Each structure stands twice: as C-alpha cells, then as structure tokens.
Amino acid sequence: MDHINFEVKKGEVFGFLGPNGAGKTTTIRMLTGISIPTEGTATIMGCDIQSESVEAKEQMGIVPDVSNVYNELSAWDNLIFTGKLYDMPKAYREKRAEELLRMFGLFERCKEKVQGFSRGMKRRICIAMALMNRSHILFLDEPTSGLDVQSVLVIRDLIRKLNQQGLTVFLTTHNIEEASQMCDHVAIINHGKIAVIDTPERLKRTVENLQSVEVAFETASPNMLEELKEFPTVSDAVKEGDKFRLITKDPTSVLTSIWNYAQKNNLKLITVNTLGPSLEDVFVKLTGIKLATEEERNNRMKTQEAPRRIAKQ
Amino acid sequence: MSNVHSSHYGREIRVAWAIAVKDMRTYYTKPPSLMFGILFPFSLFLSFSIGRNIPLATQIPILISQTLFFASSSIGPVVIPMERANQTFDRFLTSPVSLFSILLGKTLAGIIYGAGVSVIPVLVGIAFFSSQIVNIGALIACFALSSLAFSALGIMFASIPGQTPGQVMMPLNFVRIPLLFISGVFTPIGELPTWMQAVSMFSPLTHTVELARYASGADAFFGPVLNITILSAYAAAFLFMGIRFHIMNQRKE
C-alpha cells in the first residue's frame with residue numbers, strides 16, 4: 001500500500017474497487033489488525049487499531065474473502081465460539097446465536113457440521129459470526145465472489161437490511177455492478193494507491209463522453225464490427241457476446257445510422273439500447289484494466305481448485 | 001458491542017481457555033496430531049528399547065519424557081498452519097484479545113494434549129510393570145513444566161509462515177531429533193563425556209528426563225532444583241520468542 005488516506009462515514013456503505021493485486025484485501029487486513037502496517041495510522045470509531053486494538057476490534061465484524069468457518073464444528077458451535085472470543089456471557093451469546101441463525105435461515109440445520117454446507121450457507125454463517133458482537137462496522141471482502149445467483153441476491157439483500165439498521169459497511173468487490181448498486185461512496189484503488197473516491201453517480205459523470213449504444217442484429221457478418229466503427233460520431237465499438245457496443249458522444253445520430261445500416265443490409269434488429277456511462281467505464285479509464293466477468297473469475301477458481309481435487313483422490 | 005463487565009485479565013484467560021477447548025475438540029484427533037504426537041514418540045521408544053536389556057525403572061521415565069516432548073510440541077505446529085490455510089487463525093487476530101492470550105490458548109491445548117498422552121505410560125508402568133513413583137511432586141513438576149516448555153516451543157516454531165503441518169514439523173524435527181541424543185534419553189547423562197554433559201545441560205529435554213527419573217527414585221545428575229529452574233526459564237523464553245516471531249510475521253505480511 002502506498003500512502004492511502006480515506007474516511008468512511010458512519011452508516012454508509014463504502015466500496016473499495018480494484019483489480020486483483022491492487023491492495024483491497026491488504027487494506028482490510030491492516031484495518032482489522034491481521035497485518036501490521038510499516039507506517040501510518042487507522043482509527044475505527046475513534047479507536048486506533050494499533051494502540052487501542054482491543055477497543056477498535058470490539059467495534060468491528062469481519063467477513064474475509066474465504067469463508068473461514070470451522071468445518072469440524074456445527075453452525076451453532078461456530079457462533080457460540082465467536083461469542084466466547086468476544087467474552088459474551090453464556091445466556092447472551094446463546095440468545096444472539098439463535099437470533100442470527102433464524103435471521104439467516106440456518107436455524108433448522110444449526111446442529112449439523114458446517115463441512116457439509118454449500119458455499120452460500122458458509123458465507124451466511126461467516127456474516128452471522130461477524131455480527132455476533134453487534135458490531136458497528138462490518139468489513140466484507142468480496143462477499144459474493146464465487147457464489148450462485150440466489151446466494152448473491154440473498155447476501156446483497158442482507159447487507160442492505162443491515163445497513164438500513166445503521167451498520168456501516170466497508171465492502172471490497174471486483175463487481176462493478178454491485179459497487180454501483182450498493183455503495184454510497186466508492187474508492188477505486190490500483191497499484192496500492194487510491195485513484196479516486198466519490199459517489200458512484202458523480203464518478204459516472206466524469207466520463208459522460210462515454211455514452212454508448214448497444215445493438216443486436218438477428219444475423220451478424222464477420223466484418224460488421226469494422227463497419228459499425230465507421231459510423232459518424234462513433235469513437236469505438238466492441239463486440240460483447242451477440243451484441244455490439246458503440247461508444248459515442250451523440251447516441252441519437254448513432255441510432256439513425258443503425259436504422260439506415262439495417263435497412264440497407266436488410267438486417268432485422270433484435271435490440272437497441274442507449275446506455276449512460278457506467279462505473280466500469282470510470283474504472284477502465286482510471287486503471288486501464290477491464291475487470292474479469294463473474295464467469296471468467298469462476299472458471300479461474302475452478303482451474304485453481306483442480307490440482308487440489310486430484311491431490312485428495 | 002458485547003456485554004462485558006469483567007476484568008481485563010479475567011477476560012483474557014476466559015478467551016485463552018475457549019481457544020484451547022476449541023483446539024482440543026477440533027484438532028486432537030487429526031492425523032498429524034496422532035502421528036507426530038503419539039505414534040512418533042511411542043515407535044521411537046519401541047525401536048530403542050526392544051531387544052535391549054534396559055531396566056524397567058529406566059524405560060518408563062524415558063517413555064514419559066519422549067511423549068511429553070513430542071506430544072506437547074506437536075499441537076501448535078499442527079493447529080496453526082492448518083488454521084492459517086483456512087484463514088481461521090485470522091479470526092483470533094481480529095477478535096478483541098491480545099496475541100499473548102491467543103498463543104496462551106494454543107499453548108494450553110498443547111499442554112493438555114502432552115500431559116494427557118504422557119499419563120498413559122505412567123499408568124501402564126504402575127499397573128502392569130510394578131513401576132513406582134516415589135516423588136509425586138517431582139512428577140507433577142516434570143509434567144507441568146515440560147508440557148508448558150515444549151508446547152511453547154511448538155508455538156514458537158509455528159510462527160514459521162507455512163500452511164501445512166509439514167512445513168513447520170520439518171524444521172522442528174531438525175531441533176527435536178538431535179536433542180534426543182544429547183539429553184540423556186539413550187545414554188544416561190552420567191555416562192556421557194564431560195563436554196557432552198555440559199552441552200546436555202542446555203537441552204530442556206535433559207531436565208524432563210532427569211525429573212522423570214528422579215520421580216521414579218533414580219539419582220538426578222543435575223538435581224531437581226536446576227531441572228525446575230531451567231525448564232521454567234525455557235518455558236518463559238519460548239513463550240516470549242513465540243509472541244515476538246508471530247508479531248514479526250504480522251509485520252511482514
């Protein structure tokens with residue numbers, strides 16, 4: 001990390017967005033006391049993370065990028081053990097564990113060992129463990145990474161509800177849509193430095209010239225992309241699946257060009273949409289890096305896990 | 001925020017105990033714990049004693065010392081790398097408790113494991129081989145101080161940043177195995193050359209063997225007072241160095 005400086009306001013969802021290796025997890029590890037920084041300070045609710053680490057840690061809950069639950073213990077025992085780490089009295093920790101397990105839809109299976117649970121369920125247990133001590137700030141490191149769509153929606157909904165109840169959320173994510181939807185402020189980090197901090201909408205306004213038109217034809221010829229790039233006012237065009245995305249300052253003129261092009265070539269239009277600049281455009285502009293899609297990340301994870309599976313056999 | 005109205009030290013001790021209990025439940029029956037903590041010292045002892053005409057009074061203290069040495073020092077190097085690999089060790093670092101209490105909890109788990117396993121040869125010796133314990137105080141001191149010192153030794157080595165028990169066990173065994181040869185395990189201290197007697201005084205295992213022998217009625221070469229003093233010093237030194245090394249690791253990250 002290279003001299004980063006930022007403030008998270010009480011009650012907000014603060015997003016930390018950056019490519020792999022940018023320093024997102026390192027920042028969380030330093031803020032939560034797992035790593036010790038070589039210089040600099042950090043305060044959590046007014047408590048210095050190094051000189052008042054116990055007080056600072058009492059304020060926070062942490063959900064790391066890997067669901068670090070105790071697989072040999074049940075969901076119930078995982079929560080109870082967390083309560084013991086916070087020295088919560090027995091009756092209080094049992095009441096809180098039951099409350100959280102019911103809230104997260106896990107109470108019915110709370111006596112089962114966690115090792116048989118799905119990734120999504122383990123993630124929910126992880127979040128429940130982070131909330132055992134009624135923390136004021138919740139650190140979430142890529143909370144939805146590698147999860148199925150249903151689990152992602154459940155977890156995002158939970159985060160929203162918790163934030164509405166007053167919990168401050170510090171969220172790192174590679175998912176720009178997630179950051180755009182959920183965060184009050186976003187910091188874009190690259191090579192250990194913060195490139196920009198602002199609200200998602202204000203960040204999008206910085207790249208207003210990056211409006212685009214998305215179009216899909218029933219059939220596409222191999223040289224279609226090059227032809228679309230030749231349209232007036234189109235600065236660039238990319239093929240995204242079965243669609244073409246044309247970057248322009250003047251979407252109206254591009255719509256006319258598309259209509260004429262379709263008529264001239266006897267093409268049937270499937271969809272045409274005008275799109276405003278996205279947080280991804282801001283991200284690409286600032287970092288020069290296009291983030292991997294969820295599918296690409298999942299494929300990468302599967303490839304990385306493969307040797308382990310072979311070793312176990 | 002948690003409803004905490006208790007003293008700082010009371011809280012630290014309760015958390016340390018909770019960590020120890022969790023480790024007992026979770027890791028005592030893991031294959032590396034059984035292999036390095038039980039199988040290793042017992043098979044080493046059998047390979048040394050079978051077919052040799054060694055009096056029983058000599059054999060039982062050796063087995064007690066070896067099990068205390070290997071079992072106590074094995075839990076930390078098994079538990080901590082495994083917890084690093086699945087990031088559960090980070091849970092302790094992010095909880096409102098000092099690093100000393102975390103490592104004390106881990107040390108306690110090693111003490112209980114080592115002492116628990118080492119009770120077996122004592123009971124077997126008394127029940128089946130007419131082995132005698134003539135000084136119970138020396139035996140208690142041997143168990144308490146040795147398991148503490150060796151468990152802290154294991155925790156200190158577990159600061160080596162590995163994610164599998166083998167990554168810690170290998171360097172630990174580079175220390176543990178040579179100690180067997182200079183600590184009066186295979187050859188009584190009195191029969192060693194003078195220079196080796198001097199070297200053996202610096203091995204913590206020497207003082208475990210001596211105390212175990214003293215408890216069963218044999219003569220002690222260095223004497224129980226020196227044994228207790230040196231074991232206590234090693235326990236404190238290993239605990240202190242373990243904490244320092246773990247902090248260094250946190251800084252390196």
Under the rule of at least 5 residues apart or a separate chain, name every residue whose amide H is placed under 5 Å from the amide H of A:Ala42.
A:Ile49, A:Gln50
May I ask you to derive the FRET efficiency for A:Glu52 and B:Phe129 from their Cβ-Cβ distance with R0 = 45 Å, giving the value to the nearest 0.05?
0.20
Chain B: calculated mean residue ellipticity at 222 nm from DSSP helix runs of at least 4, using -39500 (n - 2.57)
-25000 deg cm²/dmol
Normalised radius of gyration for segment A:13-200, please: alpha carbon Rg relative to 2.2 N^0.38 Å, two decimal places.
1.01
Could you sort the peptides A:62-71, A:36-45 by per-residue average Cβ neighbour count (10 Å cutoff), highest mean leading?
A:62-71, A:36-45
Provide the FRET efficiency to the nearest 0.05 for the B:Val119-A:Val149 pair, computing r from the beta carbons and using R0 = 51 Å.
0.40
Eligible aspartates and glutamates near A:Lys9 by straight Cα distance, threshold 17 Å, same-chain separation 8 or greater:
A:Asp48, A:Asp184, A:Asp198
Residue order, fewest to most beta carbons within 10 Å, for A:Lys285, A:Lys239
A:Lys239, A:Lys285
What three numbers, in Å, describe the spread of the alpha carbons of segment A:1-59 along their principal axes, ordered from the longest?
32, 29, 17
Give the distance, in whole Å, between the Cα centre of segment A:196-217 and the Cα centre of segment B:93-145.
65
Kirkwood hydrodynamic radius, segment A:208-276, all distinct C-alpha pairs: what's the number in Å?
11.7
Once amide H atoms are placed 1.01 Å from N in the peptide plane, what residues at a sequence separation of 5 or more from A:Gln211, or on another chain, have their amide H within under 5 Å of its amide H?
A:Thr248
Going from the fewest other Cβ atoms within 10 Å to the most, one would list A:Leu171, B:Leu46 as B:Leu46, A:Leu171
Among the listed pairs A:Lys122/B:Lys22; A:Lys95/A:Lys122; A:Lys10/A:Lys57; A:Lys24/A:Lys95, those beyond 23 Å (Cα-Cα)
A:Lys24/A:Lys95
Its Cα gyration tensor gives the protein assembly as shown an equivalent ellipsoid whose semi-axes in whole Å, largest first, are 61, 24, 21
All Cα pairs of segment B:8-252, percent lying beyond 33 Å:
17
Can you give me the distance in nm between label points at A:Trp259 and B:Ala236, each placed 7 Å from the Cα along the Cα-to-Cβ direction?
9.0
For chain B, longest principal axis from Cα atoms; helix B:40-49 axis from its Cα atoms; angle between them, nearest 10 degrees, is 10
Fewest-first ordering of B:Ile189, B:Ile247 by Cβ atoms within 10 Å yields B:Ile247, B:Ile189
So which lysines can A:Lys229 reach, going by Cα to Cα under 24 Å and dropping same-chain residues fewer than 8 places off?
A:Lys204, A:Lys239, A:Lys243, A:Lys249, A:Lys264, A:Lys268, A:Lys285, A:Lys290
With θ set to phi - 60° and the Karplus curve 6.51 cos²θ - 1.76 cosθ + 1.60, what are the ³J(HN,Hα) couplings of segment B:213-228 in order, to the nearest whole Hz, using x for Gly and Pro?
5, 4, 5, 9, x, 7, 6, 9, 5, 8, x, x, 5, 5, 4, 5
What does the average come to when, for each residue of peptide A:76-88, you count the partner chain Cβ atoms lying within 10 Å of its Cβ?
5
According to a simple spin-label model (label point 7 Å from Cα along Cα-to-Cβ), what is the distance in nm between A:Glu230 and B:Tyr9?
8.6
Could you derive backbone 3J(HN,Hα) for segment A:40-50 from the dihedral phi with the Karplus parameters 6.51, -1.76 and 1.60 (θ = phi - 60°), listing whole Hz in sequence and x where the residue is Gly or Pro?
x, 10, 9, 10, 10, 6, x, 9, 5, 5, 9
Shielding of A:55-65 by partners, i.e. mean partner chain Cβ atoms within 10 Å per residue?
3
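Every number in this text was worked out from the coordinates using simple rules, so none of it is lab data. Model, not experiment: these values are computed from the prediction. Neighbour counts are summed over all protein chains in view; Cβ atoms, including those assigned to glycine, are modelled from backbone coordinates with ideal geometry.
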